[in-house]
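Before any comments, here is the structure.
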Amino acid sequence: MQFEFSEEDVSFRKSARRWLLENVPTETPPHSGIEAREFALAWLRKRHAGGWSGISWPAEFGGRGLSFERQIIWHEEYVRSGAPTPLDSTFVALNHAGPTVMECGTEEQKTFHLPRILSGNSIWCQGFSEPGAGSDLAGIRTSGRIDGEDLVVNGQKIWTSFADIADYQELLIRTDPGSQRHKGLSWVICDMTLPGITVRPIKNLAGATHFAEVFYDNVRIPLSNVVGALHDGWNVAMTTLGFERRTAAITLQLMMEQKIESLATLFLSRGGDAACSSIGRDIAIARAEAAALRALTYRTLFKDPATAFDGSIVRLFFAELSQRIYGIAMEVLGPRNAEAEQDQEWVYSYLEAFSETIAGGTAEIQRNIIGERILGLPRGGAR
Amino acid sequence: MIDLNNSVEQTQIVDSVRAMLAESYPVARLREGSRSAVDNLDVIAQFGGFTMSLPEDDGGAGLSVVEDVLLHTELGRHIVSPSALARTIAVRFAGETGQTELVAALLDGTRKACLANHLGESAQSQTGSANGEHLHLYDVGDADLALVLGPRGVALLDVSSITHTHVASTDRTISLSRAVLGTDHALEFRDATTSSAARMARLLISAQLLGMCEAVRDMSVEYAKVRTQFGQPIGSFQAVKHRCANMAINADVLSAQLLFAAIAERDGWPDALFQIEACWLLACRYTLENCRSSIQVHGGIGFSAECDAHLYLLRTHLLENLGATNTQRQQAVLRWPI
């Protein structure tokens with residue numbers, strides 16, 4: 001067991017720190033709409049110009065191709081600099097769609113899309129969930145009927161983050177008529193400007209409007225936009241699971257330490273009676289857990305996984321810890337949490353964090369995965 | 001270079017420790033009816049288990065606290081006597097305080113240490129009317145030294161210089177004694193900011209707790225696979241499955257933090273003590289949670305003394321009270337410099 005950075009790594013850290021210090025935007029990022037798009041793209045373009053875009057992307061696709069050590073250093077410095085959350089409108093492109101195209105796309109698809117993503121010139125959204133296919137994703141019904149050189153798409157997607165400002169969508173649809181469950185799906189690149197697409201934004205419980213329903217009415221998508229084999233979309237969607245441990249989610253995980261430390265500072269500065277109060281206890285436990293989340297994050301990177309599903313534990317632990325931390329914040333703020341103006345980022349984050357245990361696999365589904373795929377418990381009849 | 005896998009040597013250590021413990025310290029030895037006297041730790045001593053991290057020149061194996069942590073995780077799994085903690089830490093303590101003769105005596109077995117817990121001064125309401133510092137001693141047996149753990153750190157005490165009386169123990173697998181130190185018996189504690197022995201105590205207690213945290217997870221999962229009700233293994237029901245998943249999360253998070261804290265201590269990171277305090281806090285909390293869950297997953301048999309689950313529960317309560325209370329641990333983590 002070793003945990004050492006080389007001298008070259010240390011100087012890499014210095015240059016990352018220096019660049020971030022000089023370039024991190026100081027204004028609060030807008031939460032939604034065209035302003036969110038412009039802000040996220042401007043920040044990504046800045047990183048791209050400085051050579052800091054695609055730090056986990058292989059060099060052949062224009063990324064930095066950094067070692068895990070240097071990725072960690074970048075994430076640590078990113079957090080330290082107070083840079084904006086990476087969970088913005090560029091997240092899907094950089095961490096999901098891009099890697100999928102890299103892995104399964106044609107040369108044309110790679111040549112066209114990857115440079116645009118890295119340089120901050122295209123926003124992607126994810127079209128997986130449907131009204132009838134949430135936790136049970138294999139229940140997808142949106143269809144793509146083959147007609148000549150096109151797929152004619154009809155149906156509906158929902159909970160699509162940034163659909164209103166995206167250029168492209170990674171769209172999972174049923175292309176083999178009459179197919180069931182995981183079979184007969186295709187992973188398709190959908191241009192969001194195509195005729196027949198209607199986006200209806202949905203306001204979330206935090207009052208922000210960054211997700212939407214998307215309706216498809218005879219939308220013609222060229223068959224050349226299918227990524228991977230036709231009808232093999234489920235496997236294509238699963239390919240990027242392996243990429244997950246290299247995503248900017250690491251930044252989010254490391255950010256929790258900073259959050260709980262500022263909360264502890266806030267609590268102690270307001271004379272919180274740490275010895276006897278349940279808030280003091282909760283903060284202490286959350287602080288220890290944020291430290292453990294860092295250890296867990298590093299271990300998923302630097303230890304051979306026992307199962308392919310080890311990532312489920314860190315994902316779920318992060319989700320629930322962030323909810324606990326923002327829940328504590330509401331308590332520390334006390335009656336002042338009624339004001340949406342003051343300390344608004346704590347309140348906003350508290351409300352946004354409800355999505356952590358729902359989006360991308362609910363906590364319940366994650367626990368099923370841990371129980372069945374890691375512990376080997378039997379699947380139940382009633383899902 | 002970062003690599004968090006066990007090295008080949010570490011894997012070999014873990015494998016041989018497991019074989020040794022399965023042979024000489026099966027958990028079955030602690031079950032009602034088959035329980036013998038206090039654990040004899042000679043097999044672990046002969047294995048070199050108490051001197052792994054001692055320099056080779058001093059008769060040790062020249063390894064580090066990381067290997068001690070791996071060993072004590074396995075000792076926890078086998079609910080080995082708290083004297084194993086005492087014997088490992090006492091050598092380190094004697095070494096760092098320059099008591100070379102004592103180091104030699106501990107190594108050749110002419111002196112032996114048991115573990116003691118400092119209950120605070122004048123704990124009259126709990127332990128009678130005597131004034132002074134109150135101690136619990138565990139599995140004294142033929143030990144003539146006690147390694148004392150308290151909020152102020154660790155200290156060594158000559159057992160022959162005190163009188164101790166046997167009392168019934170909540171953890172029925174150990175022998176418990178009570179002692180009161182007179183005012184002439186001031187203990188000289190060394191605290192965790194300066195003493196590596198004190199930090200080691202926290203790490204090794206955490207390691208033993210992790211071993212138990214994992215053991216009850218494994219027991220529960222195995223039981224949930226074979227116990228059937230309503231015509232299905234109970235592990236197919238989400239209520240049980242999710243309880244098991246929570247146990248897996250607890251154990252996994254704790255093992256990651258323990259690994260990190262042990263490396264931090266070995267390599268002398270500036271925040272090593274914080275990593276250790278965070279680990280210790282979670283170790284006590286998560287292991288207790290897992291023990292309680294394990295009893296629930298086992299249902300009726302879990303409530304019986306025939307099931308091992310309660311052995312882990314009772315030992316966890318013993319370990320979580322060593323050296324500090326939960327409140328004290330929380331204070332340390334909360335107030336660590338920000």
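Select from segment B:264-296 the residues that are buried (at least 24 other Cβ atoms within 10 Å of the Cβ) and of a type in the set (V, I, T) and write down the one among them that is nearest to the chain's Cα centre (by Cα).
Restricting to residues being buried (at least 24 other Cβ atoms within 10 Å of the Cβ) and of a type in the set (V, I, T), the top hit is B:T287.
Evaluate the following for B:A105: is it more than 21 Å from B:R266 (Cα to Cα), exposed (fewer than 13 other Cβ atoms within 10 Å of the Cβ) and either within 14 Å of another protein chain (Cβ to nearest Cβ) or without any contact (Cβ under 8 Å) to a residue 24 or more places away in the chain (or both)?
no
Do we have any residue at all in segment A:197-216 that's under 16 Å from A:A237 (Cα atoms) and part of a strand (DSSP E or B)? Give the steps one after another, and end with the answer.
Of segment A:197-216, the ones under 16 Å from A:A237 (Cα atoms) are none.
No, segment A:197-216 contains no residue that is under 16 Å from A:A237 (Cα atoms) and part of a strand (DSSP E or B).
Among the candidates B:V14, B:V38, single out the residue that is touching a residue at least 24 places away in the same chain (Cβ under 8 Å) and in a helix (DSSP H, G or I).
Criteria check complete, one pass: B:V14.
Residues are listed down the side, and each one gets a yes or a no for (1) of a type in the set (F, W, Y); (2) closer than 24 Å to A:K110 by Cβ; (3) assigned by TED's automatic domain parsing to the domain that holds A:E35:
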site	(1), (2), (3)
A:S179	no, no, no
A:G184	no, no, no
A:E213	no, no, no
A:Y216	yes, no, no
A:N225	no, yes, no
A:T239	no, yes, no
A:L266	no, no, no
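Given the criterion under 21 Å from the mean Cα position of the chain (by Cα), surrounded by 17 or more Cβ atoms within 10 Å (Cβ to Cβ), more than 10 Å from chain B (Cβ to nearest Cβ) and more than 15 Å from A:E364 (Cα to Cα), identify the matching residue among A:R299, A:R294, A:R324.
Exactly one of A:R299, A:R294, A:R324 is under 21 Å from the mean Cα position of the chain (by Cα), surrounded by 17 or more Cβ atoms within 10 Å (Cβ to Cβ), more than 10 Å from chain B (Cβ to nearest Cβ) and more than 15 Å from A:E364 (Cα to Cα), namely A:R324.
Is it the case that segment A:70-89 has a residue that's farther than 22 Å from A:Q258 by Cβ and aromatic (F, W, Y)?
No, there is no match, as no residue in segment A:70-89 is farther than 22 Å from A:Q258 by Cβ and aromatic (F, W, Y).
What pairs can you find where one residue is in segment A:43-56 and outside any helix (DSSP H, G or I), the other is among the polar types (S, T, N, Q), and their Cβ atoms are less than 8 Å apart, with a gap of 6+ or different chains?
The qualifying pairs are A:G50/A:N23; A:S53/A:S119; A:I55/A:Q71; A:S56/A:Q71; A:S56/A:T247.
Which of the residues that make up segment B:219-242 are out of contact with any Lys or Arg (no Cβ under 8 Å at 6 or more places or on another chain), more than 9 Å from every other protein chain (Cβ to nearest Cβ) and part of a helix (DSSP H, G or I)?
Selection gives B:M219, B:E222, B:Y223, B:V226, B:A239.
If we keep just the residues of segment B:314-338 that are of a type in the set (V, I, T) and not in a loop (DSSP other than H, G, I, E, B), which is nearest to the other protein chains (Cβ to nearest Cβ)?
Top of the filtered list is B:V333.
Identify the residue in segment B:241-254 that is touching a residue at least 40 places away in the same chain (Cβ under 8 Å) and surrounded by 24 or more Cβ atoms within 10 Å (Cβ to Cβ) and, among all such residues, is farthest from the chain's Cα centre (by Cα). Step through it out loud before you land on a result.
Let us first name the residues in segment B:241-254 that are touching a residue at least 40 places away in the same chain (Cβ under 8 Å), namely B:243-244, B:246-247, B:250-251, B:254.
Within this subset, residues satisfying the condition of being surrounded by 24 or more Cβ atoms within 10 Å (Cβ to Cβ) are B:244, B:247, B:250, B:254.
Details: B:C244: 23, B:M247: 19, B:N250: 17, B:L254: 14 Å.
Out of the qualifying residues, it is B:C244.
If you go through segment B:244-253, how many residues are among the hydrophobic types (A, V, I, L, M, F, W, C) and more than 7 Å from chain A (Cβ to nearest Cβ)?
2
Being more than 20 Å from B:Q331 (Cβ to Cβ) and not in a helix (DSSP H, G or I) is the filter; apply it to segment B:254-278 and report the residue that is nearest to the other protein chains (Cβ to nearest Cβ).
Here the answer is B:W269.
From B:L4, B:L30, which residue is hydrophobic (A, V, I, L, M, F, W, C), within 14 Å of chain A (Cβ to nearest Cβ), in contact (Cβ under 8 Å) with a residue 60 or more places away in the chain and buried (at least 16 other Cβ atoms within 10 Å of the Cβ)?
Going through B:L4, B:L30 in turn, the sole match is B:L4.
Residues of segment B:80-101 being of a type outside the set (V, I, T), in a helix (DSSP H, G or I) and in contact (Cβ under 8 Å) with a residue 40 or more places away in the chain, which ones?
Answer for segment B:80-101, where residues must be of a type outside the set (V, I, T), in a helix (DSSP H, G or I) and in contact (Cβ under 8 Å) with a residue 40 or more places away in the chain: B:S83, B:A84, B:L85, B:A86, B:R87, B:A90, B:R92, B:F93, B:A94, B:G95, B:E96.
Quickly run through segment A:352-373 and pick out the residues that are more than 14 Å from chain B (Cβ to nearest Cβ) and surrounded by 17 or more Cβ atoms within 10 Å (Cβ to Cβ).
Keep residues of segment A:352-373 that are more than 14 Å from chain B (Cβ to nearest Cβ), which gives A:352-356, A:358-360.
Within segment A:352-373, A:E352, A:A353, A:S355, A:E356, A:G360 qualify.
Do we have any residue at all in segment A:60-70 that's free of Cβ contacts under 8 Å to residues at least 60 places away in the same chain, within 14 Å of chain B (Cβ to nearest Cβ) and surrounded by 13 or more Cβ atoms within 10 Å (Cβ to Cβ)? Full working, then the answer.
Narrowing segment A:60-70 to residues free of Cβ contacts under 8 Å to residues at least 60 places away in the same chain: A:60-67.
Narrowing further to those that are within 14 Å of chain B (Cβ to nearest Cβ): A:66-67.
Narrowing further to those that are surrounded by 13 or more Cβ atoms within 10 Å (Cβ to Cβ): A:66-67.
Yes, the conditions are met somewhere in segment A:60-70.
Go through segment B:141-171 residue by residue and tally those that are within 22 Å of B:A105 (Cβ to Cβ) and under 16 Å from the mean Cα position of the chain (by Cα).
Qualifying residue count for the region: 5.
Quick one: which of A:L377, A:L333 is farther than 20 Å from A:A138 by Cβ and either at pLDDT 95 or above or among the basic types (K, R) (or both)? Even if it seems obvious, please write down each step before you answer.
Numbers: A:L333 fails: either at pLDDT 95 or above or among the basic types (K, R) (or both).
After applying the criteria, what remains is A:L377.
Among the listed residues B:L311, B:L281, which satisfies the condition of being of a type in the set (A, V, I, L, M) and within 12 Å of another protein chain (Cβ to nearest Cβ)?
Numbers: B:L311 fails: within 12 Å of another protein chain (Cβ to nearest Cβ).
Exactly one residue qualifies, and that residue is B:L281.
Looking at segment A:254-268, can you tell me whether even one residue there is touching a residue at least 60 places away in the same chain (Cβ under 8 Å), surrounded by fewer than 23 Cβ atoms within 10 Å (Cβ to Cβ), in a loop (DSSP other than H, G, I, E, B) and more than 7 Å from chain B (Cβ to nearest Cβ)?
no
Could you tell me whether any residue of segment B:52-70 is away from chain A (no Cβ under 14 Å), crowded, with 16+ Cβ neighbours inside 10 Å, free of Cβ contacts under 8 Å to residues at least 60 places away in the same chain and part of a helix (DSSP H, G or I)?
no
The values are calculated or read from the model by the stated rules, or taken from the named source; none is laboratory data. Fair warning: this is a prediction, and the values are worked out from it, not measured in the lab. Cβ sites come from the backbone with ideal geometry, for glycine too, and all protein chains shown count toward neighbours.
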